[in-house]
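Single-structure report; data block below.
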Amino acid sequence: MEEMLICAVKEFEATKQYQLLREKLDQMDRDCNMMLTPCEKEFAIECFALISEVNEQERYFVYHKGLRDGVKLLKWLGLFGE
């Protein structure tokens, strides 16, 4: 399952949508370098790291739940053995 998630993430990272989001993140990083003091930037980095970790855990949970729900649905439809 972990490998499937990694492949899905790689597929997303190959999309134009991801590229646009990556550009925005890079611009935000440049803006932080110019606008924040080193102490403020360190705090912002810690905040963003925590947000990123929470999002990563959420992504894993939702992907895993989706797989389980898909199997339940296939079983209910009689297309997948017990």
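Here, each number is a calculation from the coordinates, and none is a lab measurement. Here the structure is a predicted model, which means the values were calculated and not measured. So basically every Cβ, Gly included, is an ideal-geometry build from the backbone, and we count neighbours across all protein chains shown.
Just for the range 16-57: of the residues that are β-branched (Val, Ile, Thr) and under 14 Å from the mean Cα position of the chain (by Cα), which one is nearest to ARG68 (Cα to Cα)?
Filtering first and then ranking leaves VAL54.
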Open item on the list: Could you check the range 29-76 and list, in sequence order, the residues that are small (Gly, Ala, Ser) and more than 17 Å from MET4 (Cβ to Cβ)?
Closed with: ALA44, ALA49, SER52
TODO: Show the residue pairs that are 6+ apart or on different chains and have beta-carbon atoms under 8 Å apart, the first residue being within the range 43-56 and surrounded by 10 or more Cβ atoms within 10 Å (Cβ to Cβ), the second being hydrophobic (A, V, I, L, M, F, W, C) and assigned to a helix (DSSP H, G or I).
DONE: ALA44/CYS32
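Starting from residues that are among the β-branched types (Val, Ile, Thr) and assigned to a helix (DSSP H, G or I), keep the ones in the range 27-82 and report whichever is nearest to VAL9 (Cα to Cα). I'd like the intermediate steps shown before the answer.
From the range 27-82, those among the β-branched types (Val, Ile, Thr) are 37, 45, 51, 54, 62, 71; that's our starting set.
Right, trim to assigned to a helix (DSSP H, G or I) and you get 45, 51, 54, 62, 71.
Working: ILE45: 23, ILE51: 18, VAL54: 16, VAL62: 13, VAL71: 21 Å.
Once the filter is applied, the top-ranked residue is VAL62.
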